Amino acid sequence: MASGLQQLCVFLLFVVGEVLSFPVNQGAKPAVSCGYESCHATKPDMLNVHLVPHTHDDVGWLKTVDQYYYGDRNDIQHAGVQYILDSVVDQLIKNPDRRFIYVETAFFYRWWKQQSSATQQTVKQLVDEGRLEFVNGGWCMSDEATTHYSAVIDQMTIGLRFLNETFGPCGRPRVAWHIDPFGHAREHASMFAQMGYDGLFFGRLDYQDRAHRMREKEQELLWRASDSLTPPMADLFTGILPNGYNPPEGFCWDQFCDDPPIRDDPDLEDYNVDDVVKRFLAIAKNQATVYKTNHIIMTMGSDFQYENANLWYKNLDKLIHYVNALQAKGSKVNVLYSTPSCYLQELHRANLTWALKTDDFFPYADDAHDFWTGYFTSRPALKRYERISNGNLQICNQLEVLGGPVSRKGPFGEGDSQTMKKAMAVAQHHDAVSGTEKQHVANDYARKLAEGWQHCQVVVSNSLAGLSSSSAERIYCDNLNVSVCPLTESSKKFSVNVYNPLAQPVNWAVRLPVNGTAYSVSDAKGRSVDCQVVPVSRATQNVRRNRGFAVNELVFQVQAPPLGYTIYFVSLRQDGPPPASTQPRPPTVIKNKFLQVTFDPDTGLLSSLSNLETKQTIKLTQNFYWYNASDGKNMDSSQPSGAYIFRPNSSTPFGISRTAKTETVQTSVVQEVRQWFAPWVSQVVRLYTDSRTLELEWTVGPVPIDDHLGKEVITRLDTSIKTSEIFYTDSNGREVLQRRKDFRPTWQLKQSEPIAGNYYPINSRAFIKDDEDQLTVVTDRSQGGASIQNGSLEIMLHRRLLYDDFRGVGEPLNEISSIFPEGLVVRGRLLLSLDRPPTAADTHRPLAQQVVLQPLLTFTDGELNSNTRLEFSGLQAALPPAVHLLTLTQWDKDKVLLRLEHQFQSWESKRNSKPVTVNLQKLFSTLDVLGASELNLSANQWKDEMSRFDWTPQTDEKPLLKTFEDHSDWEVTLRPMEIRTFLLRVRLR
Ligand SMILES: *[C@@H]1O[C@H](CO)[C@@H](O)[C@H](O)[C@H]1NC(C)=O
Ligand SMILES: *[C@@H]1O[C@H](CO)[C@@H](O)[C@H](O)[C@H]1NC(C)=O
Ligand SMILES: [Zn+2]
């Protein structure tokens, strides 16, 4: 052993040659050389094999994030992140050649806080020398199919901010690292480019796509991730890793692995160096044949590996030594410790041209019957809760700024937005909002969000108390969707504060559970507001169980100012008219001044939709169906449907009922047709008087399983629109992509799953169109969807499955809860609009933002103090319709972070797809803006310091380089789909 070690040291000094490395010591501070400068030298005339030691640490999956951190519940899965970081740091110190990358700041941040200052110093030095390198660096590695861009940007921002503040420029990741997410969204690539990353690596892509790319040597490519932003703004170099994110076969040296260690004592019987080296060289040479350069990468690690890092490093040291020793005998293979950024730098130096990709990497299949399209919908209640929580967090952030310091410490105690920020960041993980975690972990994510919201409610209450000069108790009703709110159910007189987080005024329909039969409602100016009382539906009574007892709902329309609130007053009247009654038969028509909806009187189903302004009409029927989930006992494959995988047993879904029993309520505020399909499926088709959209409020569950069949429930809209096998879905809530049935833009698809292989993620909207008509559906959460027949759009709403799908989670997706022990009931809304295609975005862009950032209603019992300020807007004026206020949050004592977004694509609106200018100094009504500095999208680098690698696409698409300047320091121009991020120095007026 001793002699082996000596050889090793000599060799190491040799390799280190030109690279300055310092053993860690507490004394003299060596010069900083992190990033690209700290990479080991490579050999231009050899095949260079970059070994990247790494661990993949899920921020919750089979265990909760806390259990993973501490290594608790190792009976479920042996994994303890604290030990991984302890062990890796020890091993990095032992040999300056060694490298490690770390990814998930949610874990690193906890660990860092618990270290002594001496250990922190040591780690800082490892980072400064590029021996420990952060990649990705967000709070987690977000899911790409089910996340909304605003929450992704937020989670990246908090992780990267911690790294910058702790380590400075050496802590800034150069590479995005999405090795595990199950398919890759174009909007993620666009965001990464705008966050300043030089490249992205990932592990999973469709098996047919991979085979094609291996043949064409296109596993490394240039992703042009926006059709609106001027290249190279959204260009991102993208590399597909050779073995997912695992080591090559036979070379896993973790404590979890069984591969033989390198036994290098020739005196012992089991000497295997020659065999190991031979196997390694064969793998390396083989891998090199499917990549373009004389550099290849090998990921040496996997899930929660390196808890005992000595095992890995001891063997890697030897592997490098023995493989390179053969160079003396003419071998042309050079192995080195490396990182993704060092590998990327070599690809960049190669100065090649790269295949250009403009679509995305959905859906992902790892075999012919194994499409990972189920998780687009899995755990629909958690997906909705995550989306609502995002809205609540944005409101909390805004009010923390607008209310000033009193928001954090005020009449209602001490509150904070941090708890919610972290809970939301954790929820973006690729086993969180994706729905692919165990049930107890899903419960933990939801619990964290609820706890975050508790902390935020104090901020909101304090802030609103300050802004309105009223510290009356403020009541939150989080269950209004099922008509539960103890205050409104019993109070005779109360006020409703409607806070609107959008930068434009909003019209919103309020529905409050009540027990009286007549109310009067007035607005902040004392004007009386048309209101109606309608009976609570049977479906709502069923789903709320014993949580509330209202028999009626009070319905009225409110209007709230931009980034502000207004107050409505409600009082019970003794003498009012009786509540609206329901009629058992459907009318054939409901309509308002914008839309007309007809129903088939025989079936009770929708039959047509008209836009009365544009004078267009389509045939539209809608019904619910379910796919019978495969149980895996099947000729073609043994793959069952599960949390990840969607695999229906048959391509024809089962109907639930050909007809719906209906009841109708028609009032001056709202008209609704309540449809009853089965004890577990109902819907309200709802048209508010002032609305341009038709609401379909669906309620599904408990999905029956007494027939022992797993069910995947869809709603399907069948229309007369001539779609020619094409439909459209959004990417992470932003740009829209075209989808064509049984088709992939970059390879010849062999379709083996006619339904599951045509499903795509819908984050906020989907549409179908022809030359005349566009039907857009805005969703309230991420869901999977497809267009299987021409003119048809289906959206998967709920899944209840009886088998695990063999991707590790080890549980069937069969959700129950204490309120729903017989199976979860889920409720949601689809908002439909019918427009001419050239103007459709003018409707769906603002509409989708209203759903994401819906107004927050809070309640105060009794009379309000007479000097209460009844209306407030934080803006001097509403922002133009094209501009979305994406972020307004406190950064430090006197600075706030602001993101302004142009929310239209360059091609989609005649009116709105134009550059638009905003004056930062004239933005706020209560804040003076004293200074502004522009940042990258993730706010961890100043915009003028951003410089990224240039990459040349193969196809000769010369980007149009429109240079562009703002008119002045305060005037900010946004072009279509552009997001600009500013740190503002502000003072409360
Ligand atoms: C890269 O290649 C181009 C054209 O092939 C050439 O003009 C350029 O000088 C090269 N750059 C470097 C740094 O080698
Ligand atoms: C990064 O952190 C340092 C403090 O460590 C701070 O001075 C600098 O402004 C930060 N950079 C950005 C872009 O926020
Ligand atoms: Zn993972």
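The values are calculated or read from the model by the stated rules, or taken from the named source; none is laboratory data. All of these numbers come straight from a predicted model, not from anything done at the bench. Note: ideal-geometry Cβ built from the backbone for every residue, glycine included; neighbour counts use all protein chains shown.
Brief remarks follow.
- Contacts under 8 angstrom Cβ, first residue in segment 228-247 being within 19 Å of Arg186 (Cβ to Cβ), partner in a loop (DSSP other than H, G, I, E, B) and among the aromatic types (Phe, Trp, Tyr), 6 or more apart: Ser228/Trp907; Pro232/Trp951; Asp235/Trp951; Leu236/Tyr197; Phe237/Phe949; Phe237/Trp951
- Meets criteria (in a strand (DSSP E or B) and surrounded by 17 or more Cβ atoms within 10 Å (Cβ to Cβ)) for Thr858: yes
- Any hit, segment 359-366, residues being under 27 Å from Asn95 (Cβ atoms) and either assigned to a loop (DSSP other than H, G, I, E, B) or out of contact with any strand residue (DSSP E or B) (no Cβ under 8 Å at 6 or more places or on another chain) (or both): no
- Count of residues meeting criterion [assigned to a strand (DSSP E or B) and more than 21 Å from Asn481 (Cα to Cα)] in segment 498-545: 4
- Per the listing Asp602, Asp631, Asp575, the residue uniquely among the charged types (D, E, K, R), crowded, with 16+ Cβ neighbours inside 10 Å and assigned to a loop (DSSP other than H, G, I, E, B) is Asp631.
- Checking each residue in segment 716-730 for being under 27 Å from Thr540 (Cβ atoms) and crowded, with 24+ Cβ neighbours inside 10 Å picks out only Leu717.
- Residue match in segment 959-973 (condition: away from ligand 3 (no atom under 16 Å from the Cβ), modelled with pLDDT of 95 or more, in a strand (DSSP E or B) and loosely packed, with under 13 Cβ neighbours inside 10 Å): no
- Considering only residues in segment 937-949 that are more than 8 Å from ligand 2 (Cβ to nearest atom) and buried (at least 16 other Cβ atoms within 10 Å of the Cβ), the one that is farthest from Arg172 (Cα to Cα) turns out to be Phe949.
- Among the residues of segment 280-311, those that are out of contact with any Pro (no Cβ under 9 Å at 6 or more places or on another chain) and assigned to a helix (DSSP H, G or I) comprise Leu281, Ala282, Lys285, Asn286, Ala288, Asn310.
- Residue in segment 376-389 that is touching a Lys or Arg at 6+ places or on another chain (Cβ under 9 Å), of a type in the set (Asp, Glu) and surrounded by fewer than 24 Cβ atoms within 10 Å (Cβ to Cβ) present: no
- Leading residue by the ranking (nearest to Arg172 (Cα to Cα)) among those in segment 87-111 that are under 31 Å from the mean Cα position of the chain (by Cα) and surrounded by fewer than 18 Cβ atoms within 10 Å (Cβ to Cβ): Tyr109
- Of the residues Lys314, Lys278, Lys285, the single one that is surrounded by 15 or more Cβ atoms within 10 Å (Cβ to Cβ) and either assigned by TED's automatic domain parsing to the domain that holds Leu132 or within 24 Å of Leu47 (Cα to Cα) (or both) is Lys314.
- Taken together, the residues in segment 158-173 that are within 20 Å of Asp57 (Cα to Cα) and either more than 16 Å from ligand 2 (Cβ to nearest atom) or touching a strand residue (DSSP E or B) at 6+ places or on another chain (Cβ under 8 Å) (or both) amount to 4.
- Pairs where the first residue, in segment 182-203, is in contact (Cβ under 8 Å) with a residue 12 or more places away in the chain and the second is of a type in the set (Lys, Arg) and crowded, with 24+ Cβ neighbours inside 10 Å, C-beta under 7 Å, 6+ apart: Glu187/Arg734
- Checking each residue of segment 467-483 against the condition of being assigned to a helix (DSSP H, G or I), more than 18 Å from Arg829 (Cβ to Cβ), touching a residue at least 40 places away in the same chain (Cβ under 8 Å) and of a type outside the set (Gly, Ala, Ser) gives at least one match.
- Filtering segment 867-921 to residues that are basic (Lys, Arg) and not assigned by TED's automatic domain parsing to the domain that holds Ala465 leaves Lys893, Lys895, Arg899, Lys910, Arg911, Lys914.
- You will find that of Val152, Val49, Val88, the residue that is away from ligand 2 (no atom under 16 Å from the Cβ) and part of a strand (DSSP E or B) is Val49 and no other.
- Hits in segment 650-704 - residues which are among the basic types (Lys, Arg), in contact (Cβ under 8 Å) with a residue 40 or more places away in the chain and in a strand (DSSP E or B): Lys661, Arg674
- Meets criteria (under 23 Å from Glu104 (Cα atoms), in a helix (DSSP H, G or I) and free of Cβ contacts under 8 Å to residues at least 60 places away in the same chain) for Glu386: no
- Residues of segment 53-106 classified as out of contact with any strand residue (DSSP E or B) (no Cβ under 9 Å at 6 or more places or on another chain) and among the hydroxyl-bearing types (Ser, Thr, Tyr), total: 6
- Matching residues in segment 750-797 - criterion: being under 22 Å from Ser641 (Cα atoms) and either in a loop (DSSP other than H, G, I, E, B) or modelled with pLDDT under 95 (or both): Lys750, Gln751, Ser752, Glu753, Pro754, Ile755, Tyr759, Asn763, Arg781, Ser782, Ser787, Ile788
- Unmet criterion (only one of (1) in contact with a strand residue (DSSP E or B) (Cβ under 8 Å, 6 or more places away or on another chain); (2) free of Cβ contacts under 8 Å to residues at least 40 places away in the same chain; (3) surrounded by fewer than 16 Cβ atoms within 10 Å (Cβ to Cβ)) for Gln596: (3)
- Selection status of Ser818, small (Gly, Ala, Ser) and either in a strand (DSSP E or B) or at pLDDT 95 or above (or both): no
- Qualifying positions in segment 315-340 - in contact with a Pro (Cβ under 8 Å, 6 or more places away or on another chain) and in a helix (DSSP H, G or I): Asn315, Leu316
- Residue within segment 143-160 that is farther than 24 Å from Val433 by Cα, away from ligand 3 (no atom under 16 Å from the Cβ) and surrounded by fewer than 22 Cβ atoms within 10 Å (Cβ to Cβ) present: no
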